[in-house]
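Novice: Quick one: this structure, given as structure tokens, is what I'll be asking you about.
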Amino acid sequence: MSKIGNDNITWGTFSEGLWRDNPVFVMLLGMCPVLAVTNSAINALAMGLATTFVLLASGALISLLRHSIPKQVRIATYIVIIATFVTIVDYAIQAISLDLYNALGAFIQLIVANCMILGRAEAYASRNRPLKSFTNALGMGAGFTIALLCLGVVREVLGAGSLFGIDLFGPRFEPWVVMILPAGGFIVLGAWLLLFEWLKQRKERLELEAAAET
Amino acid sequence: MSTPETEVMQQPATPAGPMIRTLMGIAMLSGFLVVLTYQLTKPIIEENQRRAIEAAVFQVIPGAVARKDFVVNETGVVAVTAENPAEGIPIYAGYDQAGQLKGIAAKAAAQGYADIIYLLYGYEPECQCIRGIKVLKLAETPGLGDKIITDANFVANFDALDASLNDAGSDLANDIVTVKHGTKQNPWEIDAISGATISAKAVGKALNLSAKALLPKLAPQVEKLREDPPRQPPEQGEEQVN
């Protein structure tokens, strides 16, 4: 069994998904829910948590079974496992709150098609020990949730003048309607990507300058 | 001998047995998990849906505190009980404390901007008008299409929206229509929302379709609903079914 990296669980195992390989801002995976359900902070949070649960459960199970899944049928197996946990989340959200379920709509079921989850199963869970896969999935899920919240918060504040449903600016605020329309999703995502790329380049430049000085 | 190339070469060697065993095992495991979750959450989900409908019924029928479920079909109005799930258009009759019929709630649906909008509306037989609507499900753009719930001026359309029948009782006297914002003149017109015209039109269309289909059948049966408030001996309800 080929393995990538060593077998120890480090802070890096977890934080990889938070920053260096953030699924949304770095790998640009799972863009469908990122753009579609981030029109309010609460939707973004619920979607992030639901995806995190699927990521954790499928990652752990696939990692447990990784030695007994033949290579030829691995994708089919992963999809069945992921679909199972998506169905479980679907029922769970209906049981928790019908309003939330109605707000998220078809995007709960579409978690199954989120390439981030299948990508993690194929690239990580199938090659690492369960605990390590679980830790990594936790980081990836947290990174995904934070990214969704980044978009959801900006879009809700600008587009509806509220945050988590709490009115921020009073009745005299004119909401930027475009922010809660699909176009707003692209604009906000673009702005965040721009910011992160600028930070990254600035950091590299500073490191180069520091290296040149010494 | 563990380079990727050799692994690719070895792949055809895997016999069918383990593959079938894996897929079957996974399918059984996933079936078990899904059924388990379904069984665990079913009563909670049903309770949630029942509560959502119940809250909506009391919202669209002002003054109602008790409700009873009926269906309208070829035989007239039939009470729905747990033992007797009758077929037909479901309606929910709302009664006040004294058992007086306050109104009737029914479902309506029409294509909106993003998806079908599902509504519950309250019809009051006395004024032959619609006294309230409640959106059960919508996927309209938040901030625009959902103004059909939040816009006070739009909601005021349903304080008393005329839905009276023609003299023969076979159809609505006037179709319920959504008109351009600010041009409402007749009691059967719905004043649209500027910026959410498609969603507002969908509400008008849904109400018109449902009222046209339901009210001509329902009107002759209203007396039956009046005489059949909830908390009466169940035998009466069963008699009506027969």
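The values are calculated or read from the model by the stated rules, or taken from the named source; none is laboratory data. This one's a predicted model, so the numbers in the text were calculated from it and none came from an experiment. Using ideal geometry, Cβ is built from the backbone for each residue, glycine included, and neighbour counts are taken over all protein chains shown.
Novice: Inspect all residues belonging to the range A:36-58 and state whether any of them is surrounded by fewer than 24 Cβ atoms within 10 Å (Cβ to Cβ) and farther than 25 Å from residue A:163 by Cα.
Specialist: yes
Novice: Scan the range A:165-178 and tell me whether some residue there is within 30 Å of residue A:77 (Cβ to Cβ) and either surrounded by fewer than 18 Cβ atoms within 10 Å (Cβ to Cβ) or in contact (Cβ under 8 Å) with a residue 24 or more places away in the chain (or both).
Specialist: No: zero hits.
Novice: Would you mind telling me which numbered condition in (1) of a type in the set (S, T, N, Q); (2) more than 28 Å from residue B:151 (Cα to Cα); (3) out of contact with any strand residue (DSSP E or B) (no Cβ under 9 Å at 6 or more places or on another chain) residue B:194 fails?
Specialist: All conditions pass for residue B:194, except number (2).
Here is a yes/no grid of residues against (1) more than 15 Å from residue A:94 (Cβ to Cβ); (2) at pLDDT 85 or above; (3) within 9 Å of chain A (Cβ to nearest Cβ); (4) out of contact with any Phe, Trp or Tyr (no Cβ under 8 Å at 6 or more places or on another chain):
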| position | (1), (2), (3), (4) |
| --- | --- |
| B:4 | yes, no, yes, yes |
| B:7 | yes, no, yes, yes |
| B:13 | yes, no, no, yes |
| B:22 | yes, yes, yes, yes |
| B:27 | yes, yes, yes, yes |
| B:52 | no, no, yes, yes |
| B:57 | yes, yes, no, no |
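Novice: Here's another thing I want to ask about it. Scan the range B:59-67 and give yes if some residue there is polar (S, T, N, Q), in contact (Cβ under 8 Å) with a residue 40 or more places away in the chain, more than 14 Å from every other protein chain (Cβ to nearest Cβ) and in contact with a Gly (Cβ under 8 Å, 6 or more places away or on another chain), otherwise no.
Specialist: Yes, the range B:59-67 has at least one match.
Novice: While we're here: Please specify each residue of the range A:105-123 satisfying the condition of being under 15 Å from residue A:54 (Cα atoms) and surrounded by fewer than 23 Cβ atoms within 10 Å (Cβ to Cβ).
Specialist: Hits for the range A:105-123 are A:107, A:109, A:110, A:112, A:113, A:115, A:118, A:119, A:122.
Novice: Sticking with this structure for a sec: Among the residues of the range B:140-150, are any in contact with an Asp or Glu (Cβ under 6 Å, 6 or more places away or on another chain) and among the hydrophobic types (A, V, I, L, M, F, W, C)?
Specialist: Taking every residue of the range B:140-150 in turn, none turns out to be in contact with an Asp or Glu (Cβ under 6 Å, 6 or more places away or on another chain) and among the hydrophobic types (A, V, I, L, M, F, W, C).
Novice: For the range A:33-54, check the following and say yes or no: at least one residue is touching a residue at least 40 places away in the same chain (Cβ under 8 Å) and over 30 Å from residue B:116 (Cβ atoms).
Specialist: yes
Novice: Scanning for something more than 14 Å from chain B (Cβ to nearest Cβ) and touching a strand residue (DSSP E or B) at 6+ places or on another chain (Cβ under 9 Å), does the range A:187-206 turn up at least one residue?
Specialist: Checked the range A:187-206: no residue is more than 14 Å from chain B (Cβ to nearest Cβ) and touching a strand residue (DSSP E or B) at 6+ places or on another chain (Cβ under 9 Å).
Novice: Among the residues of the range A:162-193, which ones are modelled with pLDDT of 85 or more, within 22 Å of residue B:196 (Cα to Cα) and among the small types (Gly, Ala, Ser)?
Specialist: A:183, A:184, A:185
Novice: Quick check on the range A:25-33. Is at least one of its residues surrounded by fewer than 18 Cβ atoms within 10 Å (Cβ to Cβ) and closer than 18 Å to residue A:155 by Cβ?
Specialist: Yes, because at least one residue in the range A:25-33 is surrounded by fewer than 18 Cβ atoms within 10 Å (Cβ to Cβ) and closer than 18 Å to residue A:155 by Cβ.
Table: residues versus (1) under 14 Å from the mean Cα position of the chain (by Cα); (2) under 25 Å from residue A:102 (Cα atoms).
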position: B:28; (1), (2): no, no
position: B:32; (1), (2): no, no
position: B:40; (1), (2): no, yes
position: B:59; (1), (2): yes, yes
position: B:78; (1), (2): no, no
position: B:92; (1), (2): yes, yes
position: B:95; (1), (2): no, no
position: B:105; (1), (2): yes, yes
position: B:118; (1), (2): yes, yes
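Novice: Could I ask something else about it? Does the range A:63-76 contain at least one residue that is more than 12 Å from chain B (Cβ to nearest Cβ), more than 26 Å from residue A:165 (Cα to Cα) and touching a helix residue (DSSP H, G or I) at 6+ places or on another chain (Cβ under 7 Å)?
Specialist: Yes, the range A:63-76 has at least one match.
Novice: Sticking with this structure for a sec: Residues being within 14 Å of another protein chain (Cβ to nearest Cβ) and buried (at least 21 other Cβ atoms within 10 Å of the Cβ): count how many of those fall in the range B:143-173.
Specialist: Adding up the residues that qualify gives 3.
Novice: I would also like to ask the following. Examine the range B:207-214 for a residue that is in the same structural domain as residue B:155 (by TED's automatic domain parsing) and at pLDDT below 85, and state whether such a residue exists.
Specialist: There is no residue in the range B:207-214 that is in the same structural domain as residue B:155 (by TED's automatic domain parsing) and at pLDDT below 85.
Novice: Please state which of the following conditions residue A:79 fails to meet, knowing it meets all the rest: (1) part of a helix (DSSP H, G or I); (2) crowded, with 22+ Cβ neighbours inside 10 Å; (3) within 11 Å of another protein chain (Cβ to nearest Cβ).
Specialist: (2)
Novice: Can you give me the number of residues within the range A:159-175 that are small (Gly, Ala, Ser), within 12 Å of chain B (Cβ to nearest Cβ) and in a loop (DSSP other than H, G, I, E, B)?
Specialist: So the answer is 2.
Novice: Sort through A:74, A:66 and tell me the only one that's of a type in the set (Lys, Arg) and assigned to a loop (DSSP other than H, G, I, E, B).
Specialist: Within the list A:74, A:66, the selection yields A:66.
Novice: In addition: I'd like the residue in the range A:87-130 that is within 14 Å of chain B (Cβ to nearest Cβ) and not in a helix (DSSP H, G or I) and, out of all such residues, is farthest from residue A:74 (Cα to Cα).
Specialist: A:97
Novice: Failed condition for residue A:58, given (1) in contact (Cβ under 8 Å) with a residue 60 or more places away in the chain; (2) more than 12 Å from chain B (Cβ to nearest Cβ); (3) not β-branched (Val, Ile, Thr), with all others met?
Specialist: Every listed condition holds for residue A:58 apart from (2).
Novice: Run residue B:47 past the list (1) modelled with pLDDT of 85 or more; (2) closer than 21 Å to residue B:207 by Cα; (3) of a type in the set (D, E, K, R) and report the number of the one that doesn't hold.
Specialist: For residue B:47, the failing item is (2).
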